[in-house]
Amino acid sequence: MNRYLAIDIGASSGRHIVGWREDGGLRTKEVYRFPNGAREEGGHLVWDVEALLREVKNGIGAAKRTFSDIRSLSIDTWGVDYVLFQGDRELLPVYAYRDSRTEDVIAQVHEKLPFSELYRRTGCQFQPFNTIYQLYADKVSGRLDKATDLLMMPEYLLYRLCGVRAREYTNATTTGMVSAQTGEFDEEILKALGYPKSLFPKLSRPGTVLGEYEGIQCVLCATHDTASAVEGIPMEGNEPYISSGTWSLLGVKTPKPMTDPASEKANYSNEGGVGYNRYQKNIMGMWLVNELQKELCPDRPFGEIVKAAEASACQILVDANAPEFFAPASMKSAFDRAAGHRLKTEGDYFRCAYRSLADSYRAALEELERNTGTTYGRLYIVGGGAKNTFLNRLTEEATGKQVIALPIEATALGNLKLQMENIYKTALPAGRG
Ligand code: LRH
C-alpha cells in the first residue's frame, strides 16, 4: 500500500497526518501533534526553528512506527515568515510575523513603491507583517547584507530533511513580491527596494519532487497552509470558504488575480492556488479567542467557554480586524478598550469575540460578492474553528448563507492531495539548490 505523510504546521500547533487510498476513498490517521508558538528573545518575537525541525522529525518517526509503507511526505506552514542564511548552514535569528519590527519601515517601503503600485503589480493584501516589509527591516538593520540565502519556513524544513533548496509558488505569493501577471518574483520590486535578486530565484510549482529523507520522498505541496486548506475542501461548484484557525481566511477561487481599486480598497489578497487564484481576506480568527482564554481562564475547557458565550446576553460588537487586536500585550485590555469597558463576565468577552468574528465574515462576504459580481448561496468552513457549532450558527445568522462546516483537517488533505496526484509527474531540474 502507498501511504503519504502530511506535516501541517500552524502558528499555534503542528500535526502529522498519514493518508492513503482505500475502497475508493481517502483514509487518514493523525500520528503526531505538537504545540507551536513564538517566544521572546532580545526584545523580539522569534521562532525556534531547530525545535520545529526536531518535532518534524519526531512526527516522521511516529509515522514510521505506525506505518512501514510511507512513500512520500510534504510540509506546509503559515505564510510570510522566512529564514536567512549566513554562510552555508548558519541561520540569523528567525523573526515571527507578530514581532513589531516592521512598524517603522512600512512608510519607507511605500515611499519607494506606493501601496497602490504594489497592489497593482502583485494583488497582495496590505499586512504589516508581509515579507516585503520584514525584509526592509532586515535591510535597515544590516541583516540583509549578511544574508547568503533565504528560504520560506516550509522550504527550510524540507531542505533540512532532503538537502534541496526550492522556492514554492503558493507561499511566495504571501511575500507581497510575486507578480500577479507572471507568477514569478517581480524584479522591478526587488530592484526598487534593493533586495538581491539571487535570493529570489525561479519558483517551483506544487507537486515537485525534491529529494529523500530516510527512504521517504520529499515533495513540495502547496506549502502555504491556506493554499493547502483550500485545495483540501471537498466543494461542490465554486463557493466561498473560510479556513478557520489562528486566522480566518475568507475567500473564493477565481481564475485570475483581481487587482482593481475596489479589491485594493477592501484589502482583498490574491494568493496562489493550485491552478487558480485565491481571492481572500485575513480576518483575525481564533487568535482573539485563544488569547482571551490564555488570560481569562487558561484551565477552562473550550466546551465550557462556548457555553459561557452562549449564555451571555452581551450584544456588543467590536471590529475584529482592528490593528489593536493583532499583537496586544493584553487581549482582555484590547477588548475592554474596544468595547468601552462594558464587558463584565467571561462569557461577555467570548460572546463579543465570536459575534464580532461572525459580523466581520458578513462584511467580508458582502465585499467579496460586490467585487466578484456574484451572489453565493453557501459558505464552506474548514479547520479547527469549523468544529464550533455556536460560531457556525452565528455565522449563518450574520451572513444569511447556508454554512457547510466540515470538521476535517482540510490543510492536511490538500497537502496529501498534491503528493498523491503529482508525485510521478514532476522533478526539480538538476543543479537547483
Ligand atoms: C494562516 C496564514 C495566513 C497568513 C498568516 C501569516 O496560517 O498562513 O494565510 O496571512 O498565516
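The values are calculated or read from the model by the stated rules, or taken from the named source; none is laboratory data. Because the structure is a prediction, the values reported are computed rather than measured. Note that each Cβ is placed from the backbone with ideal geometry, even for glycine, and that neighbours are counted across all protein chains shown.
Looking only at region 53-101, which residues are of a type in the set (Val, Ile, Thr) and within 16 Å of the ligand (Cβ to nearest atom)?
75, 77, 80, 83, 94
Looking across region 71-101, the residues that are hydroxyl-bearing (Ser, Thr, Tyr) and in contact with a helix residue (DSSP H, G or I) (Cβ under 7 Å, 6 or more places away or on another chain) come down to 72, 74, 77, 82, 95.
Picking from residues in region 8-47 that are closer than 25 Å to residue 291 by Cα and aliphatic (A, V, I, L, M), the one that is surrounded by the most Cβ atoms within 10 Å (Cβ to Cβ) is 9. If you go through region 253-276 and keep only what is crowded, with 19+ Cβ neighbours inside 10 Å and within 14 Å of the ligand (Cβ to nearest atom), you end up with 268, 269, 270, 271, 272, 273.
Residues in region 102-129 that are touching a helix residue (DSSP H, G or I) at 6+ places or on another chain (Cβ under 9 Å) and either within 15 Å of the ligand (Cβ to nearest atom) or among the small types (Gly, Ala, Ser) (or both): 102, 116, 122, 123, 124, 125, 126, 127, 128. The single condition among (1) within 16 Å of the ligand (Cβ to nearest atom); (2) over 29 Å from residue 234 (Cβ atoms); (3) at pLDDT below 95 that residue 42 does not satisfy is (1). Can you find even one residue in region 376-383 that is assigned to a loop (DSSP other than H, G, I, E, B), touching a residue at least 12 places away in the same chain (Cβ under 8 Å), outside the structural domain of residue 25 (by TED's automatic domain parsing) and buried (at least 23 other Cβ atoms within 10 Å of the Cβ)? Yes - at least one qualifying residue is present in region 376-383. Residues in region 212-252 that are within 18 Å of residue 417 (Cα to Cα) and more than 15 Å from the ligand (Cβ to nearest atom): 216, 217, 218, 219, 220, 234, 235, 236.
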